[in-house]
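FYI, it's all coordinate maths here, none of it is from the lab. Source: prediction; values computed, not measured. Please note: Cβ atoms are built from the backbone with ideal geometry, for glycine as well, and neighbour counts cover all protein chains shown.
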Amino acid sequence: MANDDLLQPARRHFALSGLALGAVALLPAGAAAQAPAAPAQASGPIVLHGVSPRLTVHALDTFHGAAATGLRIDFSRLEGASYKLIRTVTANANGRSDEPLLIGESYQAGDYEQDAPLAPRMVDQ
């Protein structure tokens, strides 16, 4: 009888641990199934305190695995039935534009097009 009294708390602890472990294993799957999917990005521009919203570009050359240094980017906005060129930028050594494509009041909702005309690239031999 004394031996059963000593084992009783251990058995109870083992049973409760097993239930808790099972609940933890099932919880993430159940929570993910019930929770609505969150959007991958915010629906609007990111606004930093004291900084106006801006649109920048970062171009990568996936063939060479590097930044698209020197790439010319034509940025246009749809006006009526055709696109109107807003600005042309050249990617710097990091593949980014030195200045934002849109900033402040020019940052408006609309249909935009970014075009990077293909140019032959010399490969070092």
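Summing +1 for each Lys or Arg and -1 for each Asp or Glu, what net charge is found among the other residues whose Cβ lies under 13 Å from the Cβ of Asn92? With Lys, Arg at +1 and Asp, Glu at -1, the neighbours total 0. One decimal place: the segment Arg54-Arg72 gains 4.5 nm when fully extended, by the rule 0.36 nm per residue minus the C-alpha distance. Across every pair of different alpha-carbon atoms, what Kirkwood hydrodynamic radius in Å does the range 54-115 reach? After inverting the mean inverse Cα-Cα distance, the result is 12.3 Å. Remark: Leu60, Leu101 ranked as Leu60, Leu101, counting other beta-carbon atoms within 10 Å and listing the fewest first.
Electrostatic tally near Leu78: other residues with Cβ closer than 9 Å to its Cβ, Lys and Arg +1, Asp and Glu -1, net -1. Counted by neighbouring Cβ atoms within 10 Å, the residues Asp61, Asp98 run from fewest to most as Asp98, Asp61.
For Gly110, neighbours were defined as the other residues whose beta-carbon sits under 15 Å from its Cβ, and their charges (Lys and Arg +1, Asp and Glu -1) total -1.
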